[in-house]
Each structure stands twice: as structure tokens, then as C-alpha cells.
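**Q** Submitted below is the structure of interest, expressed as C-alpha cells.
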Amino acid sequence: MDVGKFLWGVVLAILFVGFLVAFIRSVFRARGVKYNWLGVLLSFSTIGLAIYLVFFRQL
């Protein structure tokens with residue numbers, strides 16, 4: 001396994017989780033805003049899956 005690629009994957013995964021937590025916090029602060037939760041779930045899942053496949057599975 002390429003250690004450099006793995007470390008970049010860890011960095012991007014940490015950033016991804018940080019953005020996810022920041023988004024969830026902003027949702028609770030913004031009352032009255034309606035989100036398309038299926039779209040939000042699909043977009044975060046797609047980004048997370050891409051990070052996992054490219055950096056951790058080495059595809």
C-alpha cells in the first residue's frame with residue numbers, strides 16, 4: 001500500500017467528517033429552512049464513497 005496515498009486519504013476523510021459535522025450544526029441553527037434530505041444524504045455518501053475507494057481501497 002502506498003503510504004502517501006493512505007495519509008492523504010486520512011486527511012481528506014478527517015476534512016469530510018469535519019464538513020459533515022459543520023453542516024449538521026448549521027442545520028440545527030437555521031430554523032425554518034427545508035432541506036432535500038435525500039439529496040444531502042446522497043451527496044455526502046457519494047463523496048465519502050469516493051474518498052474510501054480512491055484512497056483506502058487504492059482503486
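**Q** In region 34-48, which residue that is open to solvent by 70 Å² or more (accessible area, probe 1.4 Å) and among the aliphatic types (A, V, I, L, M) is farthest from the chain's Cα centre (by Cα)?
**A** L38
**Q** Starting from region 30-41, take each residue that is part of a helix (DSSP H, G or I) and list its partners that are open to solvent by less than 80 Å² (accessible area, probe 1.4 Å), counting only C-beta distances under 9 angstrom and pairs at least six apart or across chains.
**A** Filtered contacts from region 30-41: V40/F23; V40/V27.
**Q** Only one of these is at pLDDT 85 or above, among the charged types (D, E, K, R) and either surrounded by 10 or more Cβ atoms within 10 Å (Cβ to Cβ) or on the phi < 0 side of the Ramachandran plot (or both): R25, R31, R57. Name it. Spell out how you get there, then give the answer.
**A** Details: R31 fails: at pLDDT 85 or above; R57 fails: at pLDDT 85 or above.
Of the residues listed, the single one that is at pLDDT 85 or above, among the charged types (D, E, K, R) and either surrounded by 10 or more Cβ atoms within 10 Å (Cβ to Cβ) or on the phi < 0 side of the Ramachandran plot (or both) is R25.
The values are calculated or read from the model by the stated rules, or taken from the named source; none is laboratory data. This one's a predicted model, so the numbers in the text were calculated from it and none came from an experiment. Reconstructed Cβ throughout: ideal geometry from the backbone, glycine too, with neighbour counts over all protein chains shown. Remember, those area values only see protein heavy atoms, side chains included, never the ligands or the DNA or RNA. Shrake-Rupley method; radii C 1.70, N 1.55, O 1.52, S 1.80 Å.
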